[in-house]
Amino acid sequence: MKKSTASLIAAVSSCLLAGVEAKEGDSAVKVVEKDGLVTVTWPISAEQAGSAVFNMDEAKPLIDSLGVAANGQPAKVIAGNLNPVTLLTVGNRNLDDPAGWVAFSDKTSTRARETFLVKLGKRSMHVTTDGNRTTVGVAEASAGSFRGEIRFTFYQNSGLMQAETVLSTEEDGRAIIYDTGLTSSRPDWKSVVWNDTDGNLQRVPLDAAAPAENLAVAGRTIVAEGGNGSLAVFPAPHRYFFPEDEAFNLKFVWHGKNYSGLAGDSGLGIRLDPDGDKRWVPWFNAPPQTKQQLGAFYFLTSGDGKQALDEVAKYTRKDHYQPLPGYQTFTSHYHVEHTLEFLRKQKEQKTDGVPKDLEVPGMVKTFKARGINIVHLAEFHVGDTPNLKDDRRLPLLKALHSECDRLSDDNLLMLPGEEPNVHLGGHWISLFPKPVYWVLNRSSEQPFVEEVEGYGKVYHVGSSADVLKLMETENGLMWTAHARIKASIGFPDLYKKSDFYKSYHFLGAAWKAMPADLSRPTLGWRVLDLLDDMSNWGFRKQVIGEADLFRMETSFETYAHLNINYVKLDKLPKFKDGWQPLLDSLRGGKFFTTTGEILIPEFKVGGKASGEVIANADAPQALEANLEWTFPMAFANVVSGNGKQTFYQRIDLSDSESFGKEKINLPLDLKGRTWVRFEAWDIAGNGAFTQPVWIGPKTATDFAIENQGLPIPKDQLAAGYTDVIPPAAKEPSVWRWTIAEPARDWAQPAFDDKAWHEGKSAFGTAKTPGTDGILNTTWNTKGLWIRREVTLPQELGSKLRLLVHHDNVAEVYIDGILAWRAVDIETRDYAVFNIYPEAAARLKPGAKITLAARGHNGVGGQVLDVGLVNLK
């Protein structure tokens, strides 16, 4: 990377071009339009350049040619006369479900759906340069109610390019999937090449008349091999795959003529199975006005198909987690149900030994192929497990412990674990530092612990207090599984005041990329937001990555659905010795989590690593982070909080290239903050994040701040108040607004809201309580964001309060500082609320402020309006 650390945090610059060559110095990518052809050239190595030629004649294929040039020579065409082809399948999200957009347990494919071939519209060129990558928009695009454009992004010093059909809709409640690729009426490549699920190279001659077929492959990649080189097509390794319970390989690539009966010509590309694993099939969220990026990557090389496959495989390190000195790779939450299968096959084969075909189970082969060192199972997630009595449960646990011991070796540690899902609320995971026998249904007559012949110490739990006592006794850990989604909707929030949550033995929660939304540049925001919320709650919790998958076999597409935790451990524990060091590192926050492509082997703030404490941050603190990556990086965030609000400082990494390393040094002003963490994201949505570094003394949290979300009692308002910023009931005001979730800095004064709509307050739907005569702009979706600039009067008063009408959840910001957050209620009329002191400090006579608010409605009607009053 060429940027200094100081320039990394500068805003991204861009230039727009129309029929001219990009300015020197903007990027090594050059764009020239001449005679109706747009030619893009860029260095892919010291000796070679890539070439992409687009045709602006709408009667001809959009891509005239893709090729590679050597030593300044004319480009040799690898493939020509191509059209990008995208099939968009549109279904419906069940927004009547309380989960709404936070959907997993949704069977989208079972409801009405329609598949559209994306149509190319008017062709014109516009070019945006961002660091050392350049994006070229070439044509309008449409599919059903969705509208947008087709664009291509080129990355210097790499054969990598990204093709995207970017579409949005005004319709609410849409869920989507897409297939994409390239077709040609005159395909000029010679062969189609891929690796089968056993890793064996497959090559078939091109048959332009052969009907399309779907293939199960390794590495998610298919290659068109020509006489001058090869063109690989592949998806973002994680972002392209919506979350599922099973990691089946559902034939994610295709090649041949008239794919899906809509693509027409012969081609090749990537695809998703609309029926998924036939369990829960949530697809991707596509909220109204969001720009859904339906993308694929192309890779150009002058080599053959095998070389193309090998080059693409480097971007995921061959689907293998890279070893790091001082770390062990740890993964959790697998419902393989190996123990039950083991016992069933023992019975079928009439043996007391290891059943045939289970000597080395497929899961063990798979974990080793991925480079995983420690696996934490979640067995017995079937049947009537919580109600099993000692005589049935204890033998199951004994078999589980025995099998974990047998399957562990010098490179792999298999750990017993469960997702018990009783006594606490929602779903949760247990982890002990050694084999523990416990039964989940203690009766009032049973002792908490007793000695049982053949098993030793056996615990019985029948309440959250019992569970906590067990964890304290055996030094175990527990955490919320799939927090705020699936069967843990509302958790851990609903038990954050409980004794067990406050305990040292409650780790926190687990992270997985769900739900999915292709308009977002990151994955797993659901639990990253929770990590920040928990940090602001004050109990110093952690978040680990979880797989939450069922069966694991070597032929499955496991890498796409996995993440990994790099845990600081000097060596891999032995099963017979116990694994307390693992629990110590997890509880100490001594790990980072990644999708695999980005590594953060070193991270410190003020000389303190994640999980450690900065005694005092009144003076500036230095952030030090070592990054390693495969795909070009996009950005990093320094995330911090003050116990009320979360803050984000974006670091622009658009000058990065493929396969790089960088040490970031950045001064931070953390005065008043109580924690800070770091996260980094690449162009494919792959990411990595650390645990927080804590700041200052640990304080007891009483959640008193939540009471400030309640209205001021009416008896305290008997003297009345005067309007400073009148509500819509008296004087409607003009706001900028959007129902598409904006960037995290949306409330900041410098945020660019030009793309937002403009409308008068109040916002909402008729028949919502207390809205008669005040509504001027319809808001009938789940979320709404509004903002406006206001100049305060010179005569301001000293008892300023917010006047808000909302239903159900709302937040108000003043100059980007959180001023008030609602309790989840509906006001049914305007109510007066106190303002947090940090935001109130911005309210000065004659000051120009940015007033911003967010509303979120779970069920029923909507309303949002914000004013400012002064108490008499």
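Using only side-chain charges placed at the Cβ, +1 for Lys and Arg and -1 for Asp and Glu, the dipole size of the stretch 553-629 relative to its Cα centre rounds to 360 debye.
What you get for the chain, charging only the Cβ of Lys and Arg (+1) and of Asp and Glu (-1), is a dipole of about 940 debye around the Cα centre. Close amide H partners of G264, meaning residues 5 or more places away or on another chain with modelled amide H under 5 Å apart, are N258, Y259.
Extension gain, L201 to L710: 0.36 nm times the residue separation minus the Cα-Cα distance gives 176.8 nm. For L572, the shell of other residues with beta-carbons less than 10 Å away shows a net charge of -1, using +1 for Lys and Arg and -1 for Asp and Glu. When each of the peptides 287-298, 702-713, 764-775 is scored by the mean number of other C-beta atoms lying within 10 Å of its residues, the order from highest to lowest reads 287-298, 764-775, 702-713. Based on protein heavy atoms only, the stretch 122-205 ends up with 34 Å² per residue of surface accessible to a 1.4 Å probe.
Since only A218, A622, P323 are under comparison, the one whose Cα sits farthest along the positive direction of the charge dipole of the chain, derived from C-beta charges on Lys, Arg, Asp and Glu, is A622.
Summarising the label geometry, the points placed 7 Å from Cα in the beta-carbon direction at K767 and S463 lie 4.6 nm from one another.
For the stretch 380-385, backbone phi angles converted through the Karplus equation (6.51, -1.76, 1.60; θ = phi - 60°) give residue-by-residue couplings of 6, 8, 9, x, 9, 3 Hz, Gly and Pro being listed as x. Please list, or write none, the aspartates and glutamates whose alpha carbon is within less than 15 Å of the alpha carbon of K347, excluding same-chain residues fewer than 8 places away. K347 reaches D357.
Along the Cα-to-Cβ line of E795, 7 Å from the Cα, sits a label point; which residues in the stretch 687-727 have backbone N less than 19 Å from it? Counting backbone N atoms under 19 Å from the label point, the list is 720-727. Ordering 753-760, 592-599, 409-416 by mean Cβ neighbour count within 10 Å, with the highest value first, yields 592-599, 409-416, 753-760.
For the chain, the relative contact order comes to 10 percent (Cα pairs under 8 Å, sequence separation of at least 6). With the gyration tensor restricted to C-alpha atoms of the chain, the semi-axes of the equivalent ellipsoid amount to 42, 40, 26 Å, longest first.
In loop segments of the stretch 388-462 as defined by DSSP, the chymotrypsin sites (Phe, Trp or Tyr not before Pro) with at most 16 further C-beta atoms inside 10 Å of their C-beta are F448, Y455. Taking Cα centre as origin and charging only the Cβ of basic (Lys, Arg, +1) and acidic (Asp, Glu, -1) residues, the dipole magnitude of the stretch 636-713 rounds to 340 debye.
With Cα atoms defining each centre, the stretch 429-502 and the stretch 686-750 are spaced 36 Å apart in the structure. What the phi angles of the stretch 730-741 give under the Karplus curve with 6.51, -1.76 and 1.60, with θ = phi - 60°, is a coupling list of 10, 7, x, 10, 8, 10, 8, 8, 8, 10, 8, 4 Hz, glycine and proline written as x. Label separation (R828 vs K291): 4.4 nm, computed from points 7 Å beyond Cα along the C-beta direction. Our note on the geometry: Cα centres of the stretch 266-282 and the stretch 600-649, 38 Å apart. Per-residue extension of 0.36 nm, minus the Cα-Cα distance of T473 and K398, leaves a gain of 25.0 nm for this segment. Excluding same-chain neighbours fewer than eight residues apart, the lysines reachable from K497 by a Cα-Cα span under 18 Å are K469, K541, K644, K698.
So what is the calculated 222 nm ellipticity per residue for the chain, using -39500 (n - 2.57) for each DSSP H run with n of 4 or more, over all residues, to the nearest 500 deg cm²/dmol? Calculated at 222 nm, the ellipticity per residue is -3000 deg cm²/dmol. Relative contact order of the stretch 695-840: 27 percent, from C-alpha pairs under 8 Å at least 6 residues apart in sequence. A simple packing score, the average count of other Cβ atoms within 10 Å per residue, orders the peptides 112-118, 862-868, 50-56 as 862-868, 50-56, 112-118, with the highest score first.
Rounded to whole numbers, the Karplus 3J(HN,Hα) couplings from phi for the stretch 28-42 are 6, 7, 10, 10, 10, 10, 8, 6, x, 10, 9, 10, 10, 10, 7 Hz, using 6.51 cos²θ - 1.76 cosθ + 1.60 with θ = phi - 60°, and x at Gly and Pro. Once the C-beta distance of L95 and E553 is scaled by a Förster radius of 41 Å, the resulting FRET efficiency is 0.70 to the nearest 0.05. Carbon and sulfur together cover what percent of the accessible area of the chain at a 1.4 Å probe radius? About 48 percent, which is the carbon plus sulfur part of the accessible surface. R0 = 22 Å: FRET efficiency of W525 with E114, Cβ-based, nearest 0.05? Result of the calculation: an efficiency of 0.15. If you take the charge dipole of the stretch 442-517 about its Cα centre, with +1 on Lys and Arg Cβ and -1 on Asp and Glu Cβ, which of G490, T480, Y455 is farthest toward its positive end? Of G490, T480, Y455, it is G490. What separates the Cα centres of the stretch 180-212 and the stretch 308-344 is a distance of 29 Å.
FRET efficiency for the T351 to E47 pair, using the beta carbon distance and R₀ = 45 Å, is estimated at 0.15.
The values are calculated or read from the model by the stated rules, or taken from the named source; none is laboratory data. Note that the structure is a prediction, hence the values are computed from the model and not measured. Glycine gets a Cβ as well: all are built from the backbone with ideal geometry, and neighbour counts include every protein chain shown. We work out accessible area using only protein heavy atoms, side chains counted, and drop any ligands, DNA or RNA first. Shrake-Rupley method; radii C 1.70, N 1.55, O 1.52, S 1.80 Å.
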